[in-house]
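S.K.: Okay, handing you the structure first.
Where a number appears in this text, it was derived from the coordinates with a stated rule and is not lab data. Since we're looking at a predicted model, the values are computed, not measured. With ideal geometry, Cβ positions are generated from the backbone for all residues, glycine too; neighbour counts draw on all protein chains shown.
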There are 2 protein chains.
Amino acid sequence: MSTRHDDRPIVLGIVGDSGTGKTTLATGIASILGRHRVNLLRTDDYLRYDRRERRLRRLTALDPECHHLDILEQHLRLLREGRPVLKPVYDHATGALVRPEYLAPRPYLLVEGLLGYHSRAMRRCYDLKIFLEPEEALRQRWKIRRDTAQRGYSREQVLRRIERRRADREAHIHPQRVFADILVRFRPPEDDPEESGARLDVRHLLRPTLAHADLSPILDGNPRSGIRLELARDIDGKPVDVLEISGDIPEARARRVEDLLWSLIPEASYLRGRVGSYGSGGREISHPLALTQLLIAYHLIKAAQGVVAI
Amino acid sequence: MSTRHDDRPIVLGIVGDSGTGKTTLATGIASILGRHRVNLLRTDDYLRYDRRERRLRRLTALDPECHHLDILEQHLRLLREGRPVLKPVYDHATGALVRPEYLAPRPYLLVEGLLGYHSRAMRRCYDLKIFLEPEEALRQRWKIRRDTAQRGYSREQVLRRIERRRADREAHIHPQRVFADILVRFRPPEDDPEESGARLDVRHLLRPTLAHADLSPILDGNPRSGIRLELARDIDGKPVDVLEISGDIPEARARRVEDLLWSLIPEASYLRGRVGSYGSGGREISHPLALTQLLIAYHLIKAAQGVVAI
């Protein structure tokens, strides 16, 4: 891939279990790139069965059998070619499959879901593949909060669902982690295992499948600097770079990382001007989350500029 | 096209204004070919706006603007390649766009709708293109009966709708007739202008774009035989064959036509055995309708057998 067609979208995959923060990450990246230039595709929309049918069939949404994965694959290919699709829509609030939605091509396509890397043909559609694997206790807290607030479940129902999904998670979700270019793990700091917001640390496993951003100018090896890069081995024994960003990274240091990343993509500086600083919007700033979003956006902008991905 | 792939469906188009008998024809052909071997695709399902939205926008369903024609085209191409699609669904009873439907490939695809020949790319998808143009007074009787019985309109509403649609019909539906291989016109017999059922006559305009069935063995020129073939000019002055089948065709003669057609496709005789005689099913037999269905099925079976279409 030495050149890219101007008219085909850059495609990002965000895959991970339910409650791993896929939507939060996708939404943040979309605001960096400009919401009107981004299509968000949630693979949950490709559910074959509505909530009632899944219950009757005793299937969880983690089961590939539950999804029109061939249609998802078809739509990924069409969208990647710059063609429109009529996307199905699953309503998480009611558990129903409803009127589909016309998706016209836009410069960026962010795909988030449970089974986005299921087939080889799907995996070939992405310019960048992220896998989210927050610490499990943290994921459960996130999932309980979201499913009780937005999807009409009780806390007990969510806990039962988590339990019921354990086998499918191991069988269908976890195996996809091997295909990711970047593995992202949020986790509470050691002194506060109950933290689930701005003070979370993040660890990126950077696989050598990608030309990662050169952060050396701001990496000084100081253990209190809040950001560090180390060589390590993944759980499969293979070498990876590990980027750690602490929830306690000093504001000034976080800004320096931000400045550095934007300086690496000067052609995109107009985006920075429009978006403003990351994390703005009234909520408490999470530097690890904001920098994660920016690092991923960096790769997408690079890809859009026609730079070779590897 | 000298050979055909075994694994791609044979595609029939049935286009015509609302109330021209598209569904009746498609259903009859599907029972000849075997319901389980046929996908029926109604292009109304590709409506972009539901009934309420069309009313707000003052658009009729005859207007191309009202449809996802690019998606229809995409789905026709995919289905023709033997791929599945997730087809949108428009509920005529309620006027709502609802949960889409998975369509797996089958040997035959019958496409019926208002705008099926709208673009060149669509037209290239068909093995056989039919255009229905019943006598206008007859069409209005059919449409009133159907829309009041099945779609919840009053007689007055239907009449207003017919009036409102006149301009769109001329602008968007009628121009498609030029692309058809066979033009089918049902009309009442001269002695009974109110007839709308079994005693209707039918006239087929057979364009030279197709190798038509050789009916000469049963054409004897007798004006009372109920079936005749004549050379004529279409309304554009171009030469066509005209096949006329009278509603009063004697039973024995209709059977002879049927026998002849099946003898021309001996490989498909198992279909005849299964289906039985045309028109069976308790209702009054319309020979012109049944023979029209059989003549079209004949072409599709020929196409499926890999015979060159022209």
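S.K.: Which of the lysines could a cross-linker span from B:LYS87 if the Cα-Cα distance has to be under 22 Å and same-chain partners fewer than 8 positions apart are dropped?
M.R.: B:LYS87 reaches A:LYS87, B:LYS22, B:LYS129.
S.K.: Can you list, shortest first in nanometers, how far A:PRO64 lies from the same residue in the other copies, with each label 7 Å from Cα toward Cβ?
M.R.: For A:PRO64, the other copies' label points sit at 4.1 nm, shortest first.
S.K.: When only DSSP loop residues count, what GluC sites (Glu not before Pro) in region B:53-132 have their Cβ near at most 13 other Cβ atoms within 10 Å?
M.R.: Listed in order of number, the matching sites are B:GLU81.
S.K.: What FRET efficiency, computed as 1/(1 + (r/R0)^6) with R0 = 56 Å and r the Cβ-Cβ distance, is obtained for B:GLU65 and A:ARG255, rounded to the nearest 0.05?
M.R.: My answer for the efficiency is 0.65.
S.K.: Distances in nm, one decimal, shortest first, from A:TYR102 to the same residue in every other copy, taking the label point 7 angstrom along Cα→Cβ.
M.R.: Label point to label point, same position, other copies: 2.7 nm.
S.K.: Can you list the distances in nanometres, one decimal and ascending, from the A:SER154 label point to the identical position in each other copy, with the point 7 Å along Cα to Cβ?
M.R.: 5.0
S.K.: Quick test of the membrane-span-like rule: which DSSP H helices of chain A reach at least 15 Å along their long axis (C-alpha atoms) with mean Kyte hydropathy at least 0.0?
M.R.: Counting only whole DSSP H runs, the qualifying helices are A:22-33, A:69-80, A:287-304.
S.K.: Looking at region A:212-264, which trypsin sites (Lys or Arg not before Pro) are in a loop (DSSP not H, G, I, E or B) and have at most 16 other Cβ atoms within 10 Å?
M.R.: A:ARG224
S.K.: Once R0 is set to 45 Å, what does the formula 1/(1 + (r/R0)^6) return for the Cβ-Cβ distance between B:ALA93 and A:ALA93, expressed as a FRET efficiency to the nearest 0.05?
M.R.: Between B:ALA93 and A:ALA93 the formula returns 0.95.
S.K.: Please list, in order along region A:38-48, the HN-Hα scalar couplings obtained from phi with the Karplus expression 6.51 cos²θ - 1.76 cosθ + 1.60 (θ = phi - 60°), rounded to whole Hz, x for Gly and Pro.
M.R.: Taking θ as phi minus 60°, the curve returns 10, 9, 9, 10, 9, 5, 4, 4, 8, 4, 7 Hz for region A:38-48.
S.K.: Between A:THR23 and B:ASP191, what is the label-point separation in nm under the 7 Å Cα-to-beta-carbon projection?
M.R.: In this crude spin-label approximation the distance works out to 7.1 nm.
S.K.: Region B:16-105: which trypsin sites (Lys or Arg not before Pro) are DSSP loop and have at most 11 other beta-carbon atoms within 10 angstrom?
M.R.: B:ARG58
S.K.: In whole angstrom, how long is each semi-axis of the equivalent ellipsoid of chain B, when you take the square root of 5 times every eigenvalue of its Cα gyration tensor and sort them from largest down?
M.R.: 30, 24, 18
S.K.: Still on this structure, I have one more. What FRET efficiency comes out for B:GLU163 versus B:SER119 if R0 is 25 angstrom and r is the Cβ-Cβ distance? Round to the nearest 0.05.
M.R.: Using R0 = 25 Å, I get an efficiency of 0.35.
S.K.: Closest approach to the B-A rotation axis by any Cβ of B: residue and distance in angstrom?
M.R.: Residue nearest the B-to-A axis, with distance in whole Å: B:PRO100, 3.
S.K.: Using 0.36 nm times the number of residues separating A:ARG37 and A:GLU230, minus their current alpha carbon distance, what extension gain do you get?
M.R.: Full extension from A:ARG37 to A:GLU230 adds 66.0 nm.
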